[in-house]
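Since the structure comes first, as structure tokens, the remarks are kept for the end.
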Amino acid sequence: MGNRAQAEVDLAAIVANIHRLQEQTGVGLMAVVKADAYGHGLVPSARAAVQAGASWLGVALLEEALALRSAEISIPILAWLVPPGSNFASAIAGNIDLAVPSIAIFQEICVASRHLNKPARIHIEVDTGMTRGGFLYEWQAFLELLANSKDDVDVVGLFSHFARADEPGELYNALQLRRFMEMSDDLNELGIEPPIHHLSNSAASLVDASSHFDLVRVGIAMYGLTPDIEHLGSSDSLGLKPAMTLKAKIHLVKDVLANTPVGYGAIAMTAKDTKLAVIAMGYADGIPRIAQDVGVFCNGRRAPIIGRISMDQFVVDLGADSIAEAGEWVTVFGPGEEGEYTADDWGRASQSINYEVVTRIGPRVPRIYKPITRLAE
Ligand SMILES: *Cc1c(COP(=O)(O)O)cnc(C)c1O
């Protein structure tokens, strides 16, 4: 139990969200647990995903993949952001699949494979329009190299990533899909037919069946959050249940007169005589400093932030008639079912998105797990 703040993670919600995605897509599901499972906790979230029937785990970093193996999670894991100079041998020895986005990385992986006398399991990453990871200008040269190094590696997958999957009907998605098919054909012409093709993130998993192939990579939706509230609608409308509820304890309550400035810079004033509460969380914990028009949920109503958010604390306006007391727990964000603010509200309030809100909740905030008592329907 945290003594001033805690992020409660409902593991049954993660299970239910994964089941929801599996029903929708009917293909394998890679649970994306990078960045400490979007702030929800790497190992507990990964275990919930495995229990829900996810067939793969996806991470960015090798350290993340190795931490999952240390936790004795044995399902396939893909790590897609393992930089040049990494200990590729440890990945190969740990049965961790590696993304290959460049010739330089491919060559290092081949060296490690030959050294261990064990072919690395690779997923070739192609750039179909995101212009971030994956082969673009090096593609032809890579194909030639691959044709001569087939024995060093086991080509398990071909994958790419959408730039605009959260805008269904956008032609750019069709263009990326076509490029993906063309690059898949290029590989087939070499006699290389990867058993797994994957292209969809959460948004495409929810709305674009043409890009599901054999496996979908689901991140934000497994945590119950909408990939894009404007274009795809709320979590609730998508049948998803937000897994994280962020709670904080009221540090103190004080009566304050009208026209009293609050916080750094004295930029905000009380409009009338009121009660304020100090909440012991701040931007060091991932509360966005620029957030406006959000706050906490306390005794059945919303109490908005007043004044600037500090490093470890912020102040909310409870209203003159509030019965809140120091030591009480309030909700910073949650599923929204009872009227509390949501991660989407905090995203909008800080000119950002729910992804950033949950992922930035800092390490000082303990994660408390609500266990899976029964398999969610
Ligand atoms: C983060 C990530 C995902 C998951 O994206 P969501 O929008 O959270 O579903 C999928 N694939 C790759 C390559 C990623 O980096």
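The values are calculated or read from the model by the stated rules, or taken from the named source; none is laboratory data. The structure displayed is predicted, hence computed values, not measured ones. Methodologically, a virtual Cβ is constructed for each residue, glycine included, from the backbone with ideal geometry; neighbour enumeration extends over all protein chains shown.
Overview of results
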{"quantity": "Filter result (outside any helix (DSSP H, G or I) and buried (at least 20 other Cβ atoms within 10 Å of the Cβ)) within segment 157-191", "calculated": "Gly157, Leu158, Phe159, Ser160, His161, Phe162, Ala165, Asp166"}
{"quantity": "Selected residue (only one of Ala141, Ala147, Ala165 is over 23 Å from Ile103 (Cα atoms) and in contact (Cβ under 8 Å) with a residue 24 or more places away in the chain)", "calculated": "Ala165"}
{"quantity": "Cross-chain or 6+ apart pairs with Cβ under 7 Å, segment 200-229 first and farther than 15 Å from Glu170 by Cα, then of a type in the set (Asp, Glu) and within 12 Å of the ligand (Cβ to nearest atom)", "calculated": "Pro227/Asp166"}
{"quantity": "Matching strands (runs of 3 or more DSSP E) fully within segment 252-332 where at least 2 residues are at pLDDT below 95 and among the aliphatic types (A, V, I, L, M)", "calculated": "none"}
{"quantity": "Matching residues, segment 34-82, being under 16 Å from the mean Cα position of the chain (by Cα), outside any strand (DSSP E or B) and over 21 Å from Ile368 (Cα atoms)", "calculated": "Ala54, Ala60, Leu61, Ala65, Trp80, Leu81"}
